[in-house]
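Student: The following block contains the structure, expressed as structure tokens.
Just so it is clear, none of the values below were taken in a lab; they were calculated from the coordinates. This is a predicted model, so every value here is computed, not measured. So basically every Cβ, Gly included, is an ideal-geometry build from the backbone, and we count neighbours across all protein chains shown.
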Amino acid sequence: MTMLAADREIERLMALHPKGFDLSLDRIRRLLERLGNPHERLPPVIHIAGTNGKGSCAAFSRALLEAAGHTVHVHTSPHLVNWNERYRIGAEGGGRLVGDAVFADAIARVAAANRGETITVFEILTAVGFVLFSEHPADAVVLEVGLGGRFDATNVIRRPAVSVVMPVSMDHEAYLGDRVELIAAEKAGIIKPGCPAVIGAQEHEAALDVLVETAQRLGAPVSVYGQDFLAHGEHGRMVYQDEGGLMDLTPPRLPGRHQFTNAAAAIAAVKAAGFDITQQTADRAMAEVSWPGRMQKLTQGRLVELAPPGAEIWLDGGHNPGAGLVVAEALAEQEEKTPRPLFLIAGMINTKDQSGYFRAFKGLARHVYTVPVRFSDAAVPNDELAARAAEAGLSAEPVNSVADALMLLAATWHGSEAPPRILICGSLYLAGAVLADNDTPPQ
């Protein structure tokens with residue numbers, strides 16, 4: 001397969017600069033100044049942090065704005081298959097992932113401006129996003145934080161239209177702290193003096209307290225889930241409520257009850273950013289929203305063909321205990337509607353709480369096949385991951401690949417019961433590899 005020009009540029013950067021995160025804003029500020037401060041020439045920015053749900057909130061925000069006829073730039077990370085997934089350039093009728101030539105040119109210009117100085121690849125690629133977004137007109141930017149908030153490279157935005165903090169839970173403790181209130185304090189770093197803030201549904205009271213106190217201290221008008229806005233299911237619909245009244249909406253296309261709260265945060269955020277959202281607009285957005293690799297149903301492709309006939313296959317890249325809980329809850333809902341035996345095909349990396357993730361599926365999953373994760377130096381060996389699943393009370397065995405797991409299931413499946421429900425899960429790296437192998441990359 002021919003390597004894309006942008007991929008070649010990124011490979012050069014990877015060879016030159018340290019891997020991982022080095023949380024500081026000095027280097028990116030220096031680089032952006034040399035580029036003429038493109039981050040200060042952006043349309044209104046919706047800035048989103050959080051442990052879980054920030055990507056879904058970004059997807060809902062984009063869907064809402066596009067349904068209202070606006071053009072929207074979107075920056076998310078990580079990508080699943082191709083680097084250009086991180087940058088969606090706003091256009092009439094819906095944004096498009098940045099093209100290879102435009103992307104490669106922007107990377108080369110940003111790398112040249114950096115002059116070989118010490119910086120992380122994520123910082124360079126964040127600057128690339130600001131360059132791309134400043135050079136293409138749009139009505140709004142949806143900007144997802146990479147890691148944390150306070151010292152994340154995206155946090156050079158001084159006056160966001162709104163800062164959104166989605167659910168905060170334990171993750172990246174080595175960088176962000178070992179207590180949920182410390183992690184919340186890092187995420188709260190994106191809240192700016194006098195700029196609106198939206199706090200999504202929080203599972204930890206300690207996190208909520210830190211977020212609200214920060215907004216109040218900075219004089220940021222704050223809107224809190226469960227207090228100023230909320231969403232719930234009623235008669236097969238989603239009802240959104242805030243001080244403006246009720247909206248009776250089509251349930252989100254993204255499955256799982258947790259997506260009601262993610263959608264609610266996005267509606268509150270887009271409104272707080274100054275955009276008018278009607279019931280008709282919101283209804284259309286719920287029906288059209290798309291977010292690959294997050295409870296994504298796979299219905300065709302090379303891997304799908306290996307599964308038992310009639311199998312239902314879901315792909316989700318969530319990787320911490322909080323994500324495990326919401327995915328298990330979404331699958332329990334599916335089980336209530338249409339009972340099927342559930343099998344997991346899981347791969348994870350060693351910076352995550354693997355047993356904590358698996359515990360959410362105890363009593364729900366019949367068996368777990370553990371697989372290696374390609375494209376990550378930190379992948380947990382599949383035999384070790386099977387032991388972690390067993391510790392969580394699940395029946396588990398290691399196999400060599402997702403394809404092998406699907407073929408094993410197909411070979412041993414008895415037609416006497418409903419075809420299986422299969423969840424491929426545990427890592428965004430795994431989700432990306434599956435979409436690539438299945439020949440269904442994000443568009």
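Student: Output wanted: per-residue J couplings in Hz (rounded whole) for segment 371-385, from phi through Karplus 6.51 cos²θ - 1.76 cosθ + 1.60, θ = phi - 60°, x for Gly and Pro.
Tutor: With coefficients 6.51, -1.76 and 1.60, one gets 10, x, 10, 6, 6, 9, 6, 9, 5, 7, x, 5, 6, 5, 5 Hz.
Student: Please compute the length gained on full extension between Glu397 and Arg29, using 0.36 nm multiplied by the number of residues separating them and subtracting their Cα-Cα distance.
Tutor: Once the chain is fully extended between Glu397 and Arg29, it gains 127.7 nm.
Student: Pull up all non-local amide H partners of Ala197: gap of 5 or more, or a different chain, and H-to-H distance under 5 Å with H placed in the peptide plane.
Tutor: Residues meeting the criterion, in which the H sits 1.01 Å from N, are Ser163, Val222, Ser223.
Student: Round to the nearest 0.05 the FRET efficiency obtained for Gln227 and Ser290 when R0 = 25 Å and r is the Cβ-Cβ distance.
Tutor: 0.25
Student: Segment 296-437: D in µm²/s via Stokes-Einstein (Kirkwood Rh, Cα pairs, 4 °C, 1.567 mPa s)?
Tutor: Value of D from the Cα-based Kirkwood radius: 88 µm²/s.
Student: Taking amide hydrogens as modeled 1.01 Å from N in the peptide plane, which residues meet the under 5 Å criterion relative to Ser169, leaving out close sequence neighbours?
Tutor: Correct list: Thr51, Asn52.
Student: Under the Karplus relation 6.51 cos²θ - 1.76 cosθ + 1.60, θ = phi - 60°, what is the ordered set of whole-Hz ³J(HN,Hα) values for segment 98-108, x standing for Gly and Pro?
Tutor: Coupling constants for segment 98-108: 4, x, 4, 5, 5, 5, 4, 5, 5, 4, 4 Hz.
Student: Something else about it: Could you list Lys337, Lys271 in order of exposure, starting from the residue whose Cβ has the fewest other Cβ atoms within 10 Å?
Tutor: Lys337, Lys271
Student: Just grab the label-to-label distance for Ala390 and Gln300, each label 7 Å out from Cα along the Cβ direction, in nm (one decimal).
Tutor: Rounded to a tenth, the inter-label distance reads 4.1 nm.
Student: Sticking with this one: Size of the dipole of segment 5-288 about the Cα centre, Lys and Arg at +1 and Asp and Glu at -1 on the beta carbon, nothing else charged, in debye to 20?
Tutor: Here segment 5-288 has a charge dipole of around 620 debye.
Student: Spelling out what I want: for every residue of segment 276-293, take phi, set θ = phi - 60°, compute 6.51 cos²θ - 1.76 cosθ + 1.60 (Karplus), and round to whole Hz; glycine and proline get x.
Tutor: Per residue, the Karplus-derived 3J(HN,Hα) values read 7, 10, 8, 4, 4, 4, 5, 4, 5, 4, 4, 6, 10, 4, 9, 8, x, x Hz.
Student: Within the chain, how many Lys pairs that are eight or more residues apart, or on different chains, come under 24 Å at the alpha-carbon?
Tutor: Taking the chain as the scope, the lysine pair count is 15.
Student: Okay, next question. Computed FRET efficiency, Cβ-Cβ of Thr278 and Arg96, R0 25 Å: what is it to the nearest 0.05?
Tutor: For R0 = 25 Å, the calculated efficiency reads 0.45.
Student: Counting only C-alpha contacts under 8 Å and six or more residues apart, can you give the relative contact order of the chain as a whole percent?
Tutor: Taking the mean separation of contacting Cα pairs over the length of the chain, I get 16 percent.
Student: Work out the FRET efficiency for Asp437 and Gln216 from their Cβ-Cβ distance, taking R0 = 45 Å, and round it to the nearest 0.05.
Tutor: Calculated value: 0.40.
Student: Bins of 10 Å, beginning at zero and ending with the bin holding the largest distance: percent of Cα pairs per bin for segment 1-94, please.
Tutor: 12, 34, 39, 15, 0
Student: Just to be sure I understand: with springs between alpha-carbon atoms less than 10 Å apart, which residue in Asp377, Asp152, Asp283 has the highest mean-square fluctuation in the Gaussian network model of the chain?
Tutor: Asp377
Student: Moving on to the next point. Determine the equivalent ellipsoid of segment 5-288 by diagonalising the alpha-carbon gyration tensor, then write out the semi-axes as square roots of 5 times the eigenvalues, largest first, rounded to whole Å.
Tutor: After diagonalising the Cα gyration tensor, the semi-axes are 31, 22, 16 Å.
Student: Taking neighbour Cβ counts within 10 Å as the exposure measure, how do Met407, Met348 sort from fewest upward?
Tutor: Met407, Met348
Student: What does the extension gain come out to for Asp377 and Glu417, with contour length at 0.36 nm per residue minus their alpha carbon separation?
Tutor: 10.5 nm
Student: To continue, here is another question. Can you give me the long-range amide H partners of Phe229? Hydrogens built in the peptide plane at 1.01 Å from N, cutoff under 5 Å, separation of 5 or more residues or another chain.
Tutor: Excluding prolines and chain starts, which carry no amide H, the hits are Val224.
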